[in-house]
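Below is one structure, written out as structure tokens; comments come after it.
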């Protein structure tokens, strides 16, 4: 650690203390050249999990955004909050298990739709109608008919 007073690169740690939250360690150091004391802080450098949008932009994964979308789709449906929480937990786990620390929003959206389909068909259709970004009612109806025909929605 470089001394902020004289620039010397050698010091000794005089005292170390962990923060109350346990996410930072405060170290009192003494320069071996000028003998002045200074403080350094050590913390884990967290690299955020990212999602890759359809247009190629990357943004940090936002669990609350997923929760809000799922809650909106499940609004006024008989789905216990514990099941919604489990669904969102599984999505978050999926993103966090990526070796590259990123997943495409396409894959995340498809996974949400699959899980919603298992929980509640109406919630599934609601989410799909927003996620698949239909341009007009006929496009939406065409997709619905296709889903019914293929047995994906009953």
When you go through (1) under 13 Å from the mean Cα position of the chain (by Cα); (2) in contact (Cβ under 8 Å) with a residue 24 or more places away in the chain; (3) within 23 Å of residue 129 (Cβ to Cβ) one by one for residue 83, which number turns out not to apply?
(1)
Which of the residues belonging to the range 121-146 are free of Cβ contacts under 8 Å to residues at least 40 places away in the same chain, out of contact with any helix residue (DSSP H, G or I) (no Cβ under 8 Å at 6 or more places or on another chain) and surrounded by 11 or more Cβ atoms within 10 Å (Cβ to Cβ)?
121, 139, 141, 142, 145, 146
Please count how many residues of the range 112-152 are assigned to a helix (DSSP H, G or I), over 19 Å from residue 80 (Cα atoms) and within 22 Å of the chain's Cα centre (by Cα).
3
Failed condition for residue 93, given (1) free of Cβ contacts under 8 Å to residues at least 40 places away in the same chain; (2) closer than 15 Å to residue 121 by Cα
(2)
Looking at 9, 71, 32 in this structure, which one is surrounded by 12 or more Cβ atoms within 10 Å (Cβ to Cβ), more than 30 Å from residue 100 (Cα to Cα) and more than 15 Å from the chain's Cα centre (by Cα)?
32
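Throughout, read-outs are computed from the coordinates displayed, never taken from laboratory work. Only a predicted model underlies this, so the values are computations on that prediction, with no experimental measurement involved. In this analysis, Cβ positions are derived from the backbone assuming ideal geometry, glycine residues included, and neighbour counts consider all displayed protein chains.
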